[in-house]
Amino acid sequence: MTQDMSPRISDDDRDTAIERLQEAYAEGLVTRDEMDERLQAALTARTQGDLVPVLASLPDKATGAAVAIEARGGRIRRGGGWRVPRVFRIESEFGQVELDLSRAVIDHPVIDIELRLRYGRARIVLPRDATVDYEGLGAEWKQPVYKAPRRGGTGGPHIRITGAMEYGRLKIRHRRR
């Protein structure tokens, strides 16, 4: 039996998830049956990983300002114990983008990364237990390369990557041991 090692949630985390589900229902984004099912899962959730499937398919909610970084050349690099914002926008004209989320502090069950890469390359390293969706990323020249882990990631944050790459390249992988 595998044990979910993601951080435990507080009552505030649970209340926030329930509030978001109720808003989604009021906006007509989920049916009553779906809301009841998700509310039950949120009420019994113990870890951040338990909340991921509850909130993953809901559209963004304004949770503060998005963090945006723009560079014409050079390198955009984040690594170590940095705090990952809920919405992260990165625009690079000619440089390199390196985002290492594997040891970062991730407070949200879903992280949205909007990547605008004209030329150059980007590399994103995910935590071992994270899931990723990059179908919202348009690529004109080369398709993103994703190296899935041998054992599927569960229980961690869900990373959604959107945006556009013209002549850039993106590599996504999970943290190695």
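Descriptive notes on the structure:
- Enumeration of residues in segment 31-79 that are loosely packed, with under 12 Cβ neighbours inside 10 Å and either at pLDDT below 80 or closer than 24 Å to GLY163 by Cβ (or both): PRO59, ASP60, ALA62, GLY64, ALA65, GLU70, ARG72, GLY73, ARG75
- Test: VAL84 is touching a residue at least 12 places away in the same chain (Cβ under 8 Å), loosely packed, with under 15 Cβ neighbours inside 10 Å, within 27 Å of ALA42 (Cα to Cα) and not assigned by TED's automatic domain parsing to the domain that holds LEU21: no
- Among the candidates ARG150, ARG121, residue that is over 22 Å from GLN48 (Cβ atoms), more than 15 Å from the chain's Cα centre (by Cα), charged (D, E, K, R) and surrounded by 16 or more Cβ atoms within 10 Å (Cβ to Cβ): ARG121
- Yes/no for VAL105 being surrounded by fewer than 17 Cβ atoms within 10 Å (Cβ to Cβ) and on the phi < 0 side of the Ramachandran plot: yes
The values are calculated or read from the model by the stated rules, or taken from the named source; none is laboratory data. Since the model is a prediction, treat every value here as computed from it, not as a measurement. Methodologically, a virtual Cβ is constructed for each residue, glycine included, from the backbone with ideal geometry; neighbour enumeration extends over all protein chains shown.
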